[in-house]
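Notes for the one structure printed next.
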Amino acid sequence: MCGIICYVGQKDAKPILIEGLKRLEYRGYDSAGLAVQDGNEISCYRELGKIASLEGLVNGQPMEGTSGIAHTRWATHGEPSVQNAHPQRDQAENVFVIHNGIIENYHLLKKRLEKEGVAFQSETDTEVLAHLISSHFDGDLADAVRKTMGQVEGTFGLGVIHRHAPDQVVVARRGSPLIIGVSDDGHFVASDVSAMVRYTNKVVHLQENELATVTADDFFISTAQAQRIERSTETVEWSAEDVELNGFPHYMLKEIYEQPHTIKNALRGRLEPGEGVPKLGGIMPVWEDLKNCRHMVLVACGTSFYAASVAKYIFEKLTEIDTEVGLASEFRYRKLNFPPNTFMVAISQSGETADTLAAMKEAKRKGARLLGVVNVVGSSISRETDGGIYNHAGPEIGVASTKNFVSQLTTLTLLALLLGRHQNLSLTEGVRAIRALEALPEQVREVLGQASHIEAIAEKYYHCTNWLFLGRKYNYPIALEGALKLKEVSYIHAEGYAAGEMKHGPIALINPEMPTVAVIPKDEMHEKMLSNIHEIKSRKGPVIAIATQGDEKVRDLADDVIEIPHVLDFLTPMLAVIPCQLLAYYCAKFLERDIDKPRNLAKSVTVE
Ligand code: AGP
C-alpha cells in the first residue's frame with residue numbers, strides 16, 4: 001500500500017523525507033515523490049520506480065525548506081507513471097496532496113470539476129482532492145481540507161500543503177492510518193511508525209475522520225465538525241535499531257533469525273509457571289464473557305490465516321470451545337448465525353488489513369464480541385476490538401511475514417491455554433505446556449543452526465518450477481504457509497496440501513522435477529505421513545522431509561532431511577515453519593529476487 005511521510009520542523013525537510021520514504025519501501029510501491037515548502041515557494045519532484053531514482057533526481061536540486069510531504073505510490077487508479085505519482089496538485093500548483101486509500105466517488109466529482117473548467121493532469125482519484133481543497137481554500141487550509149472531506153466517499157490518509165499556508169502540513173484520516181510523531185526537531189506524520197522511528201518514538205494516533213494541523217512547534221487535532229481534540233502522546237516500543245538491517249543482507253533473514261527473541265517477547269510477563277496459567281491483561285475487559293465462550297471464529301488473511309488455521313487445532317486440543325477459522329475476504333459473504341456469546345478473534349500483523357477489518361464489522365453486526373491478536377499498537381483493527389493481545393514482535397519490515405507468524409502462534413497458544421485452564425485442562429497439563437513454551441526459543445535456535453544445510457537443499461532444487469508441500473493436522477497449515485513463502489519471495493509455483501488428499505488428485509503431479517516438502521514430526525500422523533512419502537518416492541518424486549531429530553525411518557526414505565527437536569505435538573508448527581522460511585529465502589536468493597520487496601506485493605493490504 002501507499003506510504004506517507006510528512007515533516008515540519010527546524011531541519012531541512014528534503015533529507016528527512018527521502019530517508020522516510022526508504023523506510024516505507026517495504027510496503028511495496030511503483031513510484032514516489034516529494035514536495036518541500038520554503039515560505040510561499042514549493043518545489044516538487046516525482047519519479048517512477050525505486051526511491052533511489054527519486055533521490056538521484058533531487059540530489060543537487062535546490063529544495064530549500066523545513067516542511068514537506070512525501071509518498072510512495074502503489075497504483076490503484078491509473079498506471080504507474082510520473083503524472084500519476086504523488087504529490088498530486090491543483091491547476092495553479094498551489095495545493096500539493098499525498099493520499100493513501102481510494103476515493104470511491106471520484107468519477108462523479110471529477111465530472112463536476114471538469115464541467116467547472118478544471119483540466120485534469122492525471123488518471124488518479126487523488127487529483128480530485130487537490131482541486132477540491134484549492135476551491136475551498138480561503139486562507140485556512142484545515143478548513144479547506146475539512147470541507148473536502150465532507151464531499152468525498154471512500155478512504156484516505158492525506159497530507160496537504162498550500163503555497164499560501166507556509167510552515168504547516170494538514171493531515172486527515174478516514175480508513176487509512178496516520179500517526180503523528182513528536183520530536184525536539186519538529187513534528188512528523190507517517191502511515192506507519194517505521195518511517196519516523198529513527199527520530200522519535202513518541203506518537204499520537206489520528207483517529208477516524210480527524211484532521212490535524214501540524215507545525216514545527218505544535219499540532220492541533222480536530223474533528224470533521226471542527227471540534228478541537230486533545231490527545232496525549234504514546235511511546236512505541238520500537239527503536240531505530242529495529243528498522244536497521246544490523247549486518248543481515250535482507251530484513252527477511254534478519255527477522256527469521258529474530259524468532260527466538262520474538263517468542264520470548266510474546267511470552268514475557270505472561271506466564272505463571274507454578275499455576276500452569278498464562279496472564280493476558282488485554283482480554284480482561286471481556287473476561288467474564290470470554291471464559292464461558294463455547295464458540296469462537298478466527299479470521300485473518302494470508303500468513304495470519306495460516307496461523308489461525310494452526311490455532312484452530314490448538315483450541316480444539318486445549319479447550320472445549322467449538323472453533324472455526326475463516327478467510328476474512330470470504331467471511332463477509334457467509335450467512336452468519338452466531339450462537340450466543342460467540343467471540344471472533346481477528347489476527348493481523350499490520351492491524352490494517354481491509355478484508356480482516358470488514359469481516360470484524362460484519363461479525364459485530366451479527367452480535368459477536370471482538371478480540372484481536374495484533375502486532376501494531378493503536379492500529380485500526382486493535383481499535384475495533386473489545387479486547388486483545390499485542391504480539392510485541394517489533395516492526396516486521398520484510399513483506400513476507402516470518403517472525404510475526406511464530407509470534408501469532410505463541411500468542412494464540414497462550415490464549416487457548418488460558419481458556420483451557422478455566423475449562424478441563426489440568427494443572428499438570430498447563431505446567432507442561434508452559435514449560436514447553438519456555439523451551440521453544442532455544443529449540444528454534446537449534447533449527448536455525450541448520451541454515452547452511454537448508455541453503456544447500458535450496459541450491460539443489462531452486463531451479464524446479466513447481467513444488468508441493470504436505471502436512472497433516474497441526475502441520476497442514478504449515479504446508480500452506482511453506483508454499484506461500486516460496487511463492488511470494490522466489491516466484492516459484494508451489495502448492496500446500498493436506499497429505500491425506502494426495503490420492504484424491506495431487507499424486508498425479510509427482511515427477512522427478514517436482515520436490516515435495518513433507519512435514520513429518522513424530523506425532524500421531526507419523527505413520528500416515530510415511531506412507532505418503534513412500535507413494536511419492538515410488539513415483540520418483542524427490543522428498544525434502546522436515547522430521548523429528550533421530551527419525552531413522554525418514555532418514556532412510558527421504559532425499560533430504562531437515563531435523564527439528566521433539567516438542568509437544570501442538571508446538572511442532574513453530575519449529576517446522578522455520579525450514580520452510582529458510583528454503584523460500586535461499587531459493588529467492590539463488591534466483592536473485594527482490595526478497596524484501598517482492599514484485600506486486602505490499603506489506604499491508606489496506607484496500608479490499
Ligand atoms: C505474508 O507473508 C503476506 N505478506 C501476507 O499474506 C500477509 O500475511 C497478509 O496480507 C495479512 O497481513 P496482516 O497480518 O497484516 O493482516
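We did not get these values from a lab; they are worked out from the coordinates using the rules stated. From a predicted model like this one, the values you see are computed outputs, not experimental measurements. Cβ sites come from the backbone with ideal geometry, for glycine too, and all protein chains shown count toward neighbours.
Some observations on this one:
- Between residue 261 and residue 114, the simple spin-label model (points 7 angstrom out along Cα→Cβ) gives 5.4 nm.
- P(r) tail fraction, segment 32-156 - alpha-carbon pairs more than 26 Å apart, %: 19
- Applying both filters, DSSP loop and at most 14 other Cβ atoms within 10 Å, to the chymotrypsin sites (Phe, Trp or Tyr not before Pro) of segment 285-345 gives 333.
- CD proxy at 222 nm, helix term only [per DSSP H run n ≥ 4: -39500 (n - 2.57); per residue of the chain; nearest 500]: -10500 deg cm²/dmol
- Amide N of segment 342-362 lying under 14 Å from the label point, which is placed 7 angstrom from the Cα of residue 322 along Cα→Cβ: 342-343
- Measuring between alpha carbons in the structure, the pairs from 110/202; 111/485; 14/111; 22/111; 264/522; 202/279 lying more than 32 angstrom apart are 110/202; 111/485; 14/111; 22/111.
- Approximating the spin labels as points 7 Å out from Cα along Cα→Cβ, the residue 92-to-residue 508 distance works out to 6.7 nm.
- By the equivalent-ellipsoid construction on the alpha carbon gyration tensor, segment 335-427 comes out with semi-axes of 22, 20, 10 Å, ordered largest to smallest.
- Residue ranges 131-141, 81-91 sort as 81-91, 131-141 when ordered by packing (mean number of other C-beta atoms within 10 Å per residue, highest first).
- Summing Lys and Arg as +1 and Asp and Glu as -1 over all other residues whose Cβ lies under 12 Å from the Cβ of residue 165 gives a net charge of -3.
- Taking a straight Cα-Cα cut-off under 17 Å and skipping sequence neighbours fewer than 8 places away in the same chain, the lysines within cross-link reach of residue 335 are 361, 364, 366.
- Gyration tensor over the Cα atoms of segment 512-573: the corresponding equivalent ellipsoid has semi-axes (square roots of 5 times the eigenvalues, largest first) of 20, 11, 10 Å.
- The chain - share of DSSP beta bridges that are antiparallel (%, nearest 5): 60
- Charge dipole (Cα centre; +1 on Lys/Arg Cβ, -1 on Asp/Glu Cβ; no other charges) of the chain amounts to roughly 1340 debye.
- Order of 108, 591, 158 - criterion: other Cβ atoms within 10 Å of each residue's Cβ, fewest first: 108, 591, 158
- Taking label positions 7 Å along the Cα-Cβ direction at both residue 153 and residue 549, the computed distance is 6.1 nm, reported to one decimal.
- Computed over segment 62-180, relative contact order equals 29 percent, with contacts defined as Cα pairs under 8 Å that lie 6+ residues apart.
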